[in-house]
Structures are given as structure tokens and as C-alpha cells.
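Since the structure comes first, as C-alpha cells, the remarks are kept for the end.
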Amino acid sequence: RLLLTVAGMVGFIAIVLAAYFAAPVAEFDLSSVWRAGVLAGIALGLLIGLYLYGIRRLPRSEMPLVRAVFLAVALLATFVVVFAYLYLSLETRDPGQVPGLTTHLDGLYFTVTMLTTVGFGDIAPAGQGARAVATVQMVFNLVFLGFLIRSGVTVGRRERDRRRKGSAHDSTRGHRAED
């Protein structure tokens, strides 16, 4: 079962990355940027829904920690790809927004360096649009980290309580058998 879950996680990440690298990046006009923003908002809403749904199902899961990790990785991979595409689209639409960012891999690389706070300095947001997206990503990084910590603590507590109930139930059964 664990192997199937890991395979599902790897498959999900592969699909998200394949969609990202296959997505065309062309110059946008204002209406297409607006549509992209609406679609990104819908995607964000769906992802938040997925997160909340996944968190609610954790207590009933046979492997709550694995499910929590899968959910966190799926959300993180999706958000990395969304931000990478935003940066690449900004640079394509308005060259100079993110100098040095010219390919899909550059977008992914820059987004991951922002996420990990490594910041090599070889690619940096220069335009106002790119700086706005970078600011949103930095806030997202903090919020995501907070949710990740909260979820980990929640899963840990629930798992601890489940184990305590199981051992208390087992010890109760042992005492009754002796009586």
C-alpha cells in the first residue's frame, strides 16, 4: 500500500511537470492575463479544497502520515509550477521583468530557489510585476510552511491519541481476561 501511494505521488508530480513543460508561453494581452488570473484563482480554490478535504480524511486513513506527506508534496509541486509559469509568462510578455529567465527550466529553477530561500542571485525579479509575484510567493511560502507545521502537529497528535486508545484498549482486555 505504501509503494502504491509513493508511486501515485511520483506519478502526480510527473504529470504536473509534463503539463508545465508542455504549456506554451506566448506574449499575452491584458484580457488573456485576466483570464489566466481567473483560472489561477479557480485552481487555487480547488487546491485549497483538496487540502481541506485531505486533512479531514487523515484521521480515517490507515497511513495518516503518508497521506499528509503526499498531500503536502502534491500542493507544493502544483504551486511551484504555477509560480514558475507566472514568472516565465511575465518575462515573455514584458522582457526585463525577470532577466535571465528564458526557458521553462529557468522558471522552475527560480521558483525553487525562492521557495528554499537559497537565492543565488543569478535570476532576480527586476520589474514591478515580477516583484509583486515574488512578494506573493514569499508570503505563500510562509503560509504554506505554517500549514505544513500545523498539519504535521495535527497528524502527530491524532496518531498519538489513536495509539494510546489502542494500547489502553489492549491493556483493558488483558485485565478482564485475568479476572
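Before moving on, here are some points about what is shown:
- Among 157-166, 121-130, 79-88, 100-109, the peptide with the highest mean count of other Cβ atoms within 10 Å heads the list, and the full ranking is 79-88, 100-109, 121-130, 157-166.
- Per-residue ³J(HN,Hα) for segment 115-125, Karplus 6.51 cos²θ - 1.76 cosθ + 1.60, θ = phi - 60°, Hz, x for Gly and Pro: 4, 7, 6, 6, x, 5, x, 6, 10, 8, x
Since every read-out is calculated from the coordinates, none of them should be taken as a lab result. In this text, all values refer to a predicted model and were calculated from it rather than measured experimentally. We place every Cβ from the backbone using ideal geometry, glycine too, and count neighbours over all the protein chains shown.
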